[in-house]
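Have a look at the structure below, then the notes.
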Amino acid sequence: MTEFSFSCVSVRADRYAAGPTLVFRLRVTATPGTRVHAIALRCQFRIEPGRRGYSAEEAEGLSDLFGARSRWGSTLLPVQFAQVSLVVPGFTGETEVDLPVPCSYDLDVAAGRYFHALEDGEVPLLMLFSGTAFTGARGFHVEMVPWDREASFRMPVAVWREMVDQHFPGCGWLRLPADTMDALLAFRSRRALPSWEATVEALLAADALSADGERAGTRTAAVRPGAVPAAATPLTSDRTAP
């Protein structure tokens, strides 16, 4: 039975990928002297959030995932990141291979929200391996990669941000239902707005005006003439007597 072990030596953002992609450099080691013809390898990535600290700003950004910091003792559970496959070419003893991992910037995905909330430092990852190996000096034997093979790796947050900036420089990304997109498109067409950015800004401006109007109405109702106690301070300095 061949003994396999795995480790991750580095990670980089793939500058030439069509979509956001991280490339992890794996080191695969087999029993010395054993000829490995190929490995059909599977790798599951998990984020282990309990293995790092967080600033107050990061904790606020993670509240929708894990709740208030006071609850983290029970809520700071592993988060699924990715599951990918790779065919490792033949080798004897040890080899290194690149493992591409397509990523999503969808903030509806837990891993995406987790990465987005981090300011700096490292992301603690656990890589779980399994698969089928073809070994043997003459002919080949079929062996299973044991399910207990794993490797820990701390990925710099800067690498993730570099990858995102390559594809969405200075931008965010939202996924919306089709009916909501149709409503937004109709709103944009009615207003003859030049871009989606202008569309969202118009909606935000309308909401701000509505909020200001509600606050003004509340103030007016609270300070009707004759209803202000003698000890109260007027809201404005230019009020005239009724």
### Message
Test of understanding: ordering Ile47, Ile39 by Cβ neighbours within 10 Å, fewest first, what list do you get?
### Response
Ile47, Ile39
### Query
Using modelled amide H (1.01 Å from N, peptide plane; none on Pro or chain starts), what sits under 5 Å from the amide H of Gly131, excluding residues fewer than 5 places away?
Arg42, Val145
### Query
Which ³J(HN,Hα) values, rounded to whole Hz and listed in residue order, are derived for the range 128-144 from phi using the Karplus coefficients 6.51, -1.76 and 1.60 in 6.51 cos²θ - 1.76 cosθ + 1.60 with θ = phi - 60°, glycine and proline given as x?
10, 10, 7, x, 10, 10, 10, 10, x, 6, 10, x, 7, 10, 9, 10, 8
### Query
Can you pull the semi-axes for the chain, root of five times each eigenvalue of the Cα gyration tensor, sorted largest first, whole Å?
57, 22, 14
### Task
Can you tell me the relative contact order of the range 16-130? Whole percent, Cα pairs under 8 Å, sequence separation 6 or more.
47
### Query
Which residues in the range 106-139 have a backbone N closer than 11 Å to a point placed 7 Å from the Cα of Ser63 along the Cα-to-Cβ line?
none
## Note on the structure
In order over the range 46-61: 3J(HN,Hα) from phi, Karplus 6.51/-1.76/1.60, θ = phi - 60°, whole Hz, x for each Gly or Pro, gives 10, 8, 10, x, x, 9, 8, x, 9, 6, 4, 5, 5, 4, 5, x
#### Entry: Dipole of the range 5-167 [Lys/Arg +1, Asp/Glu -1 at C-beta], most positive-end residue of Ala117, Trp72, Val145
Val145
### Message
Given contacts defined as C-alpha pairs under 8 Å and at least six residues apart, what's the relative contact order of the chain, whole-number percent?
### Response
23
### Message
Tell me the Rg and the Dmax, in Å, that the Cα atoms of the range 1-95 produce.
### Response
18.4, 53
### Summary
With x for Gly and Pro, the residue-by-residue ³J(HN,Hα) of the range 177-190, computed from phi through the Karplus equation 6.51 cos²θ - 1.76 cosθ + 1.60 at θ = phi - 60° and given in whole Hz, is x, 4, 5, 5, 4, 5, 5, 5, 5, 5, 4, 4, 5, 4
### Message
With the cut-off at 1.5 for a/c, could you classify the range 110-188 from its C-alpha gyration tensor as rounded, prolate or oblate?
### Response
prolate
### Query
Once label points are set 7 Å from the Cα along Cα→Cβ at both Arg71 and Glu122, what is their separation, rounded to one decimal in nm?
3.0
### Residues whose placed amide H lies under 5 Å from that of Glu122, excluding near-sequence neighbours
Val157
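Rule-based calculations on the coordinates, nothing more; no lab input. Keep in mind that what you see is a predicted model, and the values were worked out from it rather than measured. Because the Cβ atoms are built from the backbone with ideal geometry, glycine has one as well, and the counts that use them run over all protein chains shown.
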